[in-house]
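What follows is calculated from the coordinates using simple rules that are stated; it is not laboratory data. Everything quoted here is computed from the prediction, not taken from an experiment. Using ideal geometry, Cβ is built from the backbone for each residue, glycine included, and neighbour counts are taken over all protein chains shown.
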């Protein structure tokens, strides 16, 4: 996730300046607070939010004792972390639908914020993780393309779709969809409303009419992380028209500033409940302020990494490989390709590095985009081999390697580099054969892939 990338870099440098001190004082914390202030402003956080945040941090940081096992830098990080969590976290917990079904979820926001895509993502999340039956409806009578997009998304995620009659009023469409949801015994009805390029009275009145017609349980404002202060201002306007229950932050993977995420709860009084972290339909996750604060401060998000592994790694394939190695059978290039493909399914090297603490990546870690490029190249090289060559890498003499390089569109040295890495992995696998691999298999239940190619 690119969100907060610049802020994370600046705050990490700021924290480093405090290391080695025995006590946090007004003198040595002043410079750091100025750096934090500038970092937040550059991240496009609203000025009133920045002022209030800095004052809270200052009050708690000044005179804070540092124990022998804790450096001032770490103490300052702890204070920043706690205040960042307080800044982003609302009173409510995780996004859950606990009301009598069908629960009505209304999505509001400006055009281009990602409402329709978010409706599809939310439907998929409710279907797969909450085991809900979901019906989707669009009340955008001015943009037939938006209705068609939602219908296609419904088909892709396995949700029901209520057709939109362009001759009806938006409120009547929503009311009819709710009747259909009741008759169809759906758990949730997601209402995708029309957007505008800017806030106007007509849009606000239309949204209010829809809300009154179906008595919504959740009223979520969809905000684009890249829109900066414009998004926060529109959130304030929608908040005055609707009693919002929360915010969905979209396109969080494409913005290095992230000021909207830090501003929106304090400005609107409503918490971020869901965050979109990519274009794929499964790229929506409940917002966790503590984990987001950890990412901002360079602590990474190991919990999210573990969840991603559990969800996307093919446990059956991993167990099969572990059993194969445990019996002393060789680790071959077919196995390596499988590991590389699983890495890609998890979002590539960049997605994994994003969740690791920055300290763990210091000291020469390759850029994420270069790592992803290397993985794609390695898969192309293995694809250029015959099945016999993949199963028996010892056959790969100079002539075969030149042929493989030509087929993959790479240099011979790229093939040689892959083979060197493969032999290192193969050697490691041999050392793990027998009892050691069995113990690992029992401990991890086929969790992480046994090697991390490209290192």
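Here the residues 50, 412, 191, ranked from fewest to most Cβ neighbours within 10 Å of their Cβ, fall in the order 412, 50, 191. Between residue 100 and residue 38, the FRET efficiency from the beta-carbon distance, with R0 = 56 Å, is close to 0.70. Note: region 156-223, Cα convex hull, 120 Å³ per residue.
Sorting 167, 337, 51 by the number of Cβ atoms found within 10 Å of their own Cβ, with the fewest placed first, yields 167, 51, 337. Each label was represented as a point 7 Å from its Cα along the Cα-to-Cβ direction; for residue 175 and residue 427 these points are 7.6 nm apart.
Could you give the length gained on full extension between residue 86 and residue 395, defined as 0.36 nm per residue of separation minus the Cα-Cα distance, in nm?
Once the chain is fully extended between residue 86 and residue 395, it gains 105.2 nm.
Here the spin labels are modelled as points 7 Å beyond Cα on the Cα-Cβ line, and at residue 128 and residue 420 they lie 3.9 nm apart.
Gain on full extension, evaluated as 0.36 nm per residue between residue 59 and residue 152 minus their Cα-Cα distance, stands at 28.2 nm. Counting only DSSP beta bridges with both residues in region 103-289, tell me the antiparallel percent, nearest 5. In region 103-289, approximately 10 percent of DSSP beta bridges are antiparallel ones.
When 98, 142 are arranged by Cβ crowding within 10 Å, least crowded first, meaning fewest neighbours, the order is 98, 142.
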